[in-house]
1. For the stretch 134-241, give me every one of the helices (runs of 4 or more DSSP H) that falls completely inside it and has 2 or more residues that are modelled with pLDDT of 95 or more and closer than 22 Å to Asp95 by Cβ.
2. Could you pull out the residue among Glu45, Glu38, Glu62 that is free of Cβ contacts under 8 Å to residues at least 60 places away in the same chain and either crowded, with 18+ Cβ neighbours inside 10 Å or more than 26 Å from Pro170 (Cα to Cα) (or both)?
3. Just checking, how many residues over the stretch 30-48 are touching a Lys or Arg at 6+ places or on another chain (Cβ under 9 Å) and either part of a loop (DSSP other than H, G, I, E, B) or acidic (Asp, Glu) (or both)?
4. For the stretch 1-18, give me each residue that is within 14 Å of Ala159 (Cβ to Cβ), polar (S, T, N, Q) and in contact with a Ser or Thr (Cβ under 8 Å, 6 or more places away or on another chain).
5. Could you count how many residues in the stretch 75-106 are of a type in the set (Lys, Arg), farther than 20 Å from Arg203 by Cα and part of a helix (DSSP H, G or I)?
6. So in the stretch 136-170, with the set limited to residues that are of a type in the set (Phe, Trp, Tyr) and under 30 Å from His83 (Cα atoms), which one is nearest to the chain's Cα centre (by Cα)?
7. If you scan the stretch 4-14, which residues turn out to be closer than 25 Å to Leu165 by Cβ and surrounded by fewer than 24 Cβ atoms within 10 Å (Cβ to Cβ)?
8. Quick one: how many residues across the stretch 107-132 are over 18 Å from Ser3 (Cα atoms), in contact (Cβ under 8 Å) with a residue 40 or more places away in the chain and assigned to a strand (DSSP E or B)?
Amino acid sequence: MISVCIATYNGEKYINQQLESILKQLGDSDEIIISDDESTDRTLELINGFKDKRIKVYKHTEKIKTSFFLDAPTHNFANALKHAQGEYIFLADQDDIWLDGKVNKMIAALQEVDFVVSDCIIVNDKLESIAESYFKVANTKLGIWNNIVHSTYLGCSLAFRRKVLEQALPFPQTMVGHDLWLGLIAESYFKAKLLNEPLMLYRKHGDSVTTSGLKSSNPLYVKISYRAVIVWELFKKYVKKLLET
C-alpha cells in the first residue's frame, strides 16, 4: 500500500493539478493523506470535489508554539504522516506536478533501499522551466554531515519505507524541517539512494514557504542555531535508542 502525504494551506491555485497528477499513478487500495492547516480559500472545496475515496483529509488544528519559519509546515506534515497507513510513503507539496512513472520508478528503487530522493525539474508558476535538474542547482548529495551543513533533502521528492517513519517519530518540536529530519534518520539507520532522474515539476514562485535546498537568506546566527539544534536532536535520538537496546 502507498500513502502520499500532502500538507495544504491556501493552495487553491494549484491543488487540482497536483492531485490529478498523483491519483492516476495510484492503485485502488492506495491513499492520499491531506493535512490542511485551516485554509481560508477554496482548497478543501476543490479537494472534496474529487469525490475520490482514496483522498483522506485531516484538519491540523493543534497549535504548537513555533519559533522558526519551518515549524508550521513541519507540524502540518507530521499530522499527515501520523495518519498514513502504507508501507511505502511519499511526500508531496500542494503546488507541484508529478511526472508519469514517478510512483513506479520510486517503488522499484525502494525494493533495494529504504529511502529515495528523486531529481526534479524546477519550473515557475506557469510551468516554464527554470532549471532541468534540482540536483545540479542544489548540489544534492547524500551524507549526514553534508546535509547538516547544507540540506538538500527536498521534501516533495522523498519516498521511504514505513520503518524510516517509525524511527523518525516523534519529530522534534521546533527548528528542524520534516524533510531534513527524515533524511538524517534514514541515513543514520537505513539505506538511502539518490535517483538521478527528474520525476516531478517542482514549482518555485512567490508563495513558496522555504528555500528547499537553494541559497538561504537567513542571517548567520539563525543558520548556526539551526544546525546546533539538529545535532542536539540527533544526539538525543541516538542516546534514546542506545538506552532502549
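1. It comes to 134-138, 178-189.
2. Exactly one residue qualifies, and that residue is Glu45.
3. Matching residues across the stretch 30-48 total 6.
4. None; the set is empty.
5. Result for the stretch 75-106: 1.
6. Tyr153
7. Listed by number, the list holds a single entry, Tyr9.
8. The initial filter retains those residues of the stretch 107-132 that are over 18 Å from Ser3 (Cα atoms), namely 112, 119-132.
From the residues that got through so far, the ones that are in contact (Cβ under 8 Å) with a residue 40 or more places away in the chain too are 112, 119-125, 127, 130, 132.
Next, only the ones that are assigned to a strand (DSSP E or B) stay: 119-123, 130.
Matching residues across the stretch 107-132 total 6.
The values are calculated or read from the model by the stated rules, or taken from the named source; none is laboratory data. Source: prediction; values computed, not measured. Every residue, glycine among them, receives a Cβ derived from its backbone with ideal geometry; neighbour counts consider all protein chains shown.
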